[in-house]
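As structure tokens, the structure follows; a few thoughts come after it.
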Amino acid sequence: MKVVLPFIAVVGLALLALVGVTVAHQVEFFFGVIVPYAAVAVFIFGFMYRVLQWAKSPVPFCIPTTCGQQKTLPWIKHDKLENPVTTLQVVGRMLLEVLVFRSLFRNLKTEMKDGKIVYGSEKLLWLAGLAFHWTFFFIFARHFRFFFQDVPTLLRMMEGVDSFFQVGAPLFYMTDAVILGAVTFLIFRRVYLPQIRYISLASDFFPLFLILGIALSGILMRYIFKVHIVAVKQFAMGLVSLSPVIPQGIGAIFYVHLFLICTLLIYFPFSKLMHMGGVFLSPTRNMANDSRMVRHINPWNYPVHVHTYEEYEDDFREKMKKAGLPVEKE
Amino acid sequence: MAKLPTPEELLKIHYNPPQDENWMDKPAELKQGNICWGAKGKNLKIVEFPNARDWSPVEEDWKLPQDWEGTVLEAMADRLSKYRSFKIFMDICVRCGACADKCHFFIGGGDPKNMPVLRAELMRSVYRKYFTNSGKYLGKLAGARELDLGVLKEWWYYFYQCTECRRCSVFCPYGIDTAEITMMAREFTNLLGLNTDWISGPVANCYMKGNHLGLEPHAIMNSVEGMVDDIETITGIRINPSFNRKGAEILFVTPSGDLFADPGTFTAMGYMMLFHELGLDYTWSTYASEGGNFGLFTSNEMAKRLNSKIYAEAKRLGVKYIIGGECGHMWRVLNQYMDTWNGPADFMEVPKSPITGTVFDNAASTKMIHVTEFTADLIKNGKLKLDPTRNDDLVVTYHDSCNTARGMGLLEEPRYIINNVCNKFHEMPDNTIRERTFCCGSGTGLNASENMELRMRGGLPRANAVKHVTEKYGVNTLANICAIDRATLSASMDYWVPGTRVAGVHELVANAMIMTGEKERETNLRGEPLPGKGGNE
Ligand code: SF4
Ligand code: SF4
């Protein structure tokens with residue numbers, strides 16, 4: 001259920017767009033204009049809303065998880081990146097986390113061998129995760145050439161690198177292959193590994209299938225059912241300049257691709273994909289371990305009922321005196 | 001009480017969950033041997049906890065208050081608005097599973113709901129149902145489920161099977177800390193009077209008497225007196241510790257476990273001998289006679305109420321700063337909560353070692369330093385005369401306590417000390433020490449006796465690593481800096497790696513330390529002949 005249903009959902013969405021635009025051309029306006037605008041709006045406002053919701057809750061305590069030596073005596077080497085005490089060090093830790101997935105890199109695999117537990121290195125998830133996120137980012141950035149009259153040099157350079165191993169024409173992008181591989185691996189892993197399968201929900205498969213669908217439709221569009229590139233650019237420029245045009249003959253596969261992307265944008269703020277924003281707000285990672293150096297303030301700290309020394313002495317005065325302990329009141 | 005299975009039986013662990021079931025449909029089976037007894041009404045009453053009554057987890061009826069669901073959901077909404085950590089951790093887990101096999105309870109037991117991600121999902125599923133739209137409308141498909149008695153029992157069972165050790169957090173790409181979620185779950189269950197006896201008893205004790213063990217002032221002094229006698233027998237030196245003394249320079253706070261039972265008492269003797277040798281102007285307090293904080297295993301508020309005594313007493317006695325003993329949770333509380341709860345400690349001074357002159361800027365605000373920071377500084381500055389050969393019968397390895405390792409990063413100080421007071425030291429495998437260290441298996445108030453199976457399972461990963469160095473290097477001593485470790489690892493070693501002793505770092509220090517005017521030492525603190533002194537070579 002949790003695998004099949006998301007799969008059907010994604011196929012259904014793709015078919016919806018496909019059938020929609022092939023059966024009735026008027027619907028192109030819906031898929032090409034209304035949905036994209038709505039999706040971008042939902043994404044931006046939804047994303048902001050979620051982040052603001054998180055930010056609204058205070059961070060009452062200083063609770064970083066430290067992964068290295070604290071700052072202490074001057075002759076003990078302080079691990080600045082894993083146990084930061086300054087903002088700069090925290091930024092360093094966060095960069096490592098966000099750009100190279102530091103914590104995942106630590107991942108281990110636990111196994112039982114003849115009554116002994118052994119821990120092996122387990123880097124596949126890290127590698128696939130990294131490959132997936134980075135290629136996603138590259139491909140995303142690459143698309144910006146559709147939105148510029150003159151393609152910026154940086155984008156051109158990126159493309160150059162990406163298609164370094166040129167295979168046929170049009171240029172073959174390595175990232176296309178990598179993202180397909182990575183997503184497939186991530187799906188496969190969820191189905192294949194018993195522990196991961198057990199913890200997975202439909203909402204873990206849905207975004208994976210969706211992204212797979214986006215990548216596949218993109219690749220099909222680029223290499224097989226060639227779409228009219230000039231028309232696509234015209235279309236994209238229209239969207240960003242807020243004067244949308246629907247060029248003729250752009251090809252149905254384009255709308256499938258676009259519609260799936262829009263679905264992703266709309267789904268994003270409501271889902272775990274928000275980890276993209278959340279990772280920056282995670283208190284265990286983005287705080288400095290400086291709570292012994294500077295007082296951390298809890299905005300909702302309130303006085304509590306305590307058992308005071310006076311009450312304690314009242315309870316035990318006689319016993320204390322007998323034991324020779326000093327007391328405040330005789 | 002459930003019979004404890006043999007190690008061979010416990011080792012039959014399967015890590016692969018059954019594939020034909022959805023965990024949401026599988027109610028928790030409260031297994032004897034894995035659960036602690038319910039809190040007693042009288043203890044809950046002492047600290048004014050709700051729904052104080054006697055109850056038993058194995059009985060059908062948990063004597064819950066009216067509309068308990070409402071109470072929980074209301075508390076959940078409240079905590080979501082008060083703790084960003086809780087809210088974020090409810091929302092951003094991607095169920096990548098990186099944390100799945102990192103929990104000692106999962107590794108030692110194989111129960112899939114002990115995978116940190118799933119432990120947290122027990123809570124998240126309810127969160128989704130009541131606090132997210134997808135959960136409200138899509139229900140189970142979105143991983144949401146209603147809060148009912150079955151879920152509550154499941155929560156209780158699994159959230160009292162998490163030692164809040166935070167190992168899972170180290171491996172999570174977002175730092176999701178299941179311990180935070182456990183702490184919330186425990187807050188909620190406490191609103192329904194659902195704590196365990198082994199937590200609520202110490203909490204009530206600590207509140208009324210100043211320490212978990214409920215030692216009254218004279219009992220503390222008796223206990224220390226006994227140790228002073230032992231020290232005299234061993235070293236020929238009579239030391240004279242002071243209590244509740246106003247005007248002392250330093251207040252010393254350590255877990256009461258150190259005053260009560262072996263092997264903690266040897267560590268306490270170690271502190272006393274060290275401070276005596278230095279001529280330190282320090283005092284103990286009977287009012288603030290506890291460094292540990294079982295309140296942390298009930299609610300934030302209770303933890304704060306117990307912790308308040310330390311600063312209050314420092315103020316009353318007029319000390320300049322505080323030294324804290326070897327304890328695990330104590331240091332998480334002191335490092336990450338104390339100043340926020342009960343500070344500012346502006347009536348004290350930034351700690352400065354009177355012996356070496358070292359200023360501890362890293363404790364500029366809390367005014368509290370760890371005894372291993374203090375001692376490492378002494379050794380570095382050559383202030384102690386040490387004869388490590390006295391520890392030559394010990395082949396030592398070091399267990400990082402979860403809270404000192406992951407809560408503050410106290411990694412090198414104890415190692416530096418051990419390497420200076422012992423000649424034979426071997427690390428356990430890399431993946432089981434420092435920030436990757438394993439829990440003793442009995443933290444957060446699980447060190448009762450009715451849940452031995454759980455404790456031994458939870459202790460397996462640590463024990464397994466000890467066994468490795470025992471076989472490889474002949475390690476026979478497991479040093480650590482936590483009172484709970486000293487109490488619970490002893491049991492776990494007896495079970496998994498018999499013959500391994502558990503010792504505090506300052507016990508080893510005191511063994512090696514040559515005191516001014518001491519007689520020729522024949523035995524170590526445990527009364528065993530020193531190497532070369534009793535034909536035990
Ligand atoms: S490692 Fe973090 S994100 Fe991955 S399953 Fe565990 S808690 Fe969730
Ligand atoms: S905090 Fe420790 S005990 Fe709790 S789930 Fe994580 S690893 Fe397990």
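The values are calculated or read from the model by the stated rules, or taken from the named source; none is laboratory data. All figures in this text were calculated on a predicted structure; none of them were measured in a lab. Every residue, glycine as well, gets a Cβ built from its backbone with ideal geometry; the counts of neighbours run over all protein chains shown. In case anyone asks, the SASA skips ligands and DNA or RNA and just uses the protein heavy atoms, side chains included. Shrake-Rupley method; radii C 1.70, N 1.55, O 1.52, S 1.80 Å.
Taking amide H positions as placed 1.01 Å from N in the peptide plane, with prolines and chain starts having none, which residues 5 or more places from B:Ser285, or on another chain, fall under 5 Å of its amide H?
B:Asn244, B:Phe252
Whole-Hz Karplus ³J(HN,Hα) for segment B:403-416, in order, using 6.51 cos²θ - 1.76 cosθ + 1.60 and θ = phi - 60°, x for Gly and Pro?
6, 6, 7, 9, x, 9, x, 8, 10, 7, 4, x, 5, 4
Farthest toward the dipole's positive end in segment A:134-216, which of A:Leu155, A:Gln195, A:Ile214, given Cβ charges of +1 (Lys, Arg) and -1 (Asp, Glu) about the Cα centre?
A:Gln195
Hey, can you find the accessible area per residue of segment A:264-303 for me, probe 1.4 Å, expressed in square angstrom? Walk me through the numbers on the way to the answer.
Details: 1600 Å² over 40 residues.
I get 40 Å² per residue for segment A:264-303.
Using the beta-carbon distance between A:Leu99 and A:Val161 and R0 = 22 Å, what value does 1/(1 + (r/R0)^6) give for FRET efficiency, to the nearest 0.05?
0.80
Answer rounded, prolate or oblate for segment B:36-79, using the Cα gyration tensor with square roots of eigenvalues a ≥ b ≥ c: rounded when a/c is under 1.5, else prolate when a/b is larger than b/c, else oblate.
Oblate, since a/c reaches 1.5 and b/c is not below a/b.
Could you work out the mean count of beta carbons from other protein chains within 10 Å of each residue's beta carbon in B:334-344?
Per residue, the number of nearby Cβ atoms from other chains is 6 on average.
Given H placed on each backbone N at 1.01 Å, which residues far from B:Arg501 in sequence or on other chains put an amide H within less than 5 Å of it?
B:Thr477, B:Leu478
Determine the shape class of segment B:374-436: with a ≥ b ≥ c the square roots of the Cα gyration tensor eigenvalues, call it rounded for a/c under 1.5, and otherwise prolate if a/b is greater than b/c, oblate otherwise. Could you put the intermediate results ahead of the total?
Values: a/c = 3.26, a/b = 1.37, b/c = 2.38.
Oblate, because a/c is 1.5 or more while a/b does not exceed b/c.
Interface size between chain B and chain A, please: total buried accessible area, 1.4 Å probe, rounded to the nearest 100 Å².
The summed interface area works out to 9100 Å².
As a check on your grasp of the helix formula, calculate [θ] at 222 nm for chain B: sum -39500 (n - 2.57) over DSSP H runs of n ≥ 4, divide by the residue count, round to the nearest 500.
Numbers: 23 runs with 243 residues, N = 537.
Calculated mean residue ellipticity at 222 nm is -13500 deg cm²/dmol.
Assuming R0 = 60 Å, can you tell me the calculated FRET efficiency for the pair A:Phe148 and B:Glu21, based on Cβ-Cβ distance, to the nearest 0.05?
That gives a FRET efficiency of 0.70.
Step through the table entries B:Lys63/B:Lys129; B:Lys246/B:Lys309; B:Lys63/B:Lys209; B:Lys82/B:Lys129; B:Lys42/B:Lys209; B:Lys352/B:Lys385, compare each Cα-Cα distance with 18 Å, and write down the pairs that go over it. Mind showing how you got there, number by number?
Details: B:Lys63/B:Lys129 25 Å; B:Lys246/B:Lys309 15 Å; B:Lys63/B:Lys209 29 Å; B:Lys82/B:Lys129 20 Å; B:Lys42/B:Lys209 15 Å; B:Lys352/B:Lys385 21 Å.
Checking Cα-Cα distances, B:Lys63/B:Lys129; B:Lys63/B:Lys209; B:Lys82/B:Lys129; B:Lys352/B:Lys385 exceed 18 Å.
Ignoring any ligand, DNA or RNA, what whole percent of the accessible area of segment B:123-190 comes from carbon and sulfur when the probe is 1.4 angstrom?
57
Applying a 10 Å radius around every beta-carbon, put B:67-79, B:295-307, B:375-387 in order of their mean neighbour count, most first. Before the final figure, lay out the partial values.
On the way: B:67-79: 16.1, B:295-307: 24.3, B:375-387: 17.8.
My ranking of the peptides, most packed first, is B:295-307, B:375-387, B:67-79.
How far is helix A:229-240 tilted, in degrees, relative to the longest principal axis of the Cα atoms in chain A, given as a value from 0 to 90 rounded to the nearest 10?
50
I need the phi-derived Karplus couplings for segment A:316-330: 6.51 cos²θ - 1.76 cosθ + 1.60, θ = phi - 60°, integer Hz, Gly and Pro marked x.
10, 3, 4, 4, 5, 4, 4, 7, x, 8, x, 10, 7, 10, 6
Hey, what angle do you get for helix B:116-131 against the long axis of chain B, alpha-carbon based, 0 to 90 degrees rounded to 10?
The helix B:116-131 is inclined about 50 degrees to chain B.
How about segment A:1-77: which chymotrypsin sites (Phe, Trp or Tyr not before Pro) there lie in a loop by DSSP and see at most 11 other Cβ atoms within 10 Å?
A:Trp75
Ignoring ligands, DNA and RNA, what percent of the accessible area of segment B:248-385 is carbon or sulfur (1.4 Å)?
Ligands and nucleic acids excluded, carbon and sulfur give 46 percent.
Put +1 on the Cβ of every Lys and Arg and -1 on every Asp and Glu Cβ in chain B; which of B:Leu149, B:Ala39, B:Leu278 then has its Cα farthest towards the positive end of the dipole?
Checking the options against the dipole of chain B, the answer is B:Leu149.
When ligands, DNA and RNA are left out and all protein chains stay put, how many square angstrom of accessible area per residue does chain B have with a 1.4 Å probe? Write out the running numbers ahead of the final one.
On the way: 16050 Å² over 537 residues.
The answer is 30 Å² per residue.
R0 = 35 Å: FRET efficiency of B:Ile13 with B:Lys63, Cβ-based, nearest 0.05?
0.50
For A:Asn289, enumerate residues with amide H under 5 Å from its amide H, sequence gap 5+ or separate chain, H modeled in the peptide plane.
Here A:Val85 satisfy the definition.
Using a ≥ b ≥ c from the Cα gyration tensor of segment B:354-471 (square roots of the eigenvalues), is it rounded, prolate or oblate, where a/c under 1.5 gives rounded and otherwise the larger of a/b and b/c decides, a/b for prolate?
In terms of gyration-tensor shape, oblate.
Which of A:Pro74, A:Pro303, A:Pro244 ends up with the largest GNM mean-square fluctuation for chain A, with Cα atoms connected below 10 Å?
Of A:Pro74, A:Pro303, A:Pro244, the Gaussian network model singles out A:Pro303 as fluctuating most.
Roll a 1.4 angstrom probe over the protein heavy atoms and tell me the percent of accessible area of segment A:205-330 that is carbon or sulfur.
In segment A:205-330, the share of accessible area belonging to carbon and sulfur is 67 percent.
In peptide A:188-195, what is the residue-averaged number of other protein chain Cβ atoms found within 10 Å of each Cβ? Don't skip to the end; give the middle numbers.
Numbers: counts 0, 2, 3, 0, 0, 3, 7, 11.
Mean number of neighbouring Cβ atoms from other chains: 3.
Considering every residue in A:297-303, what mean count of other chain Cβ atoms within 10 Å of its Cβ is obtained?
Mean inter-chain Cβ contacts per residue within 10 Å come to 3.
Can you give the angle from 0 to 90° between the axis of helix A:87-100 and the longest principal axis of chain A, with both taken from C-alpha atoms, to the nearest 10?
For helix A:87-100, the angle is close to 40 degrees.
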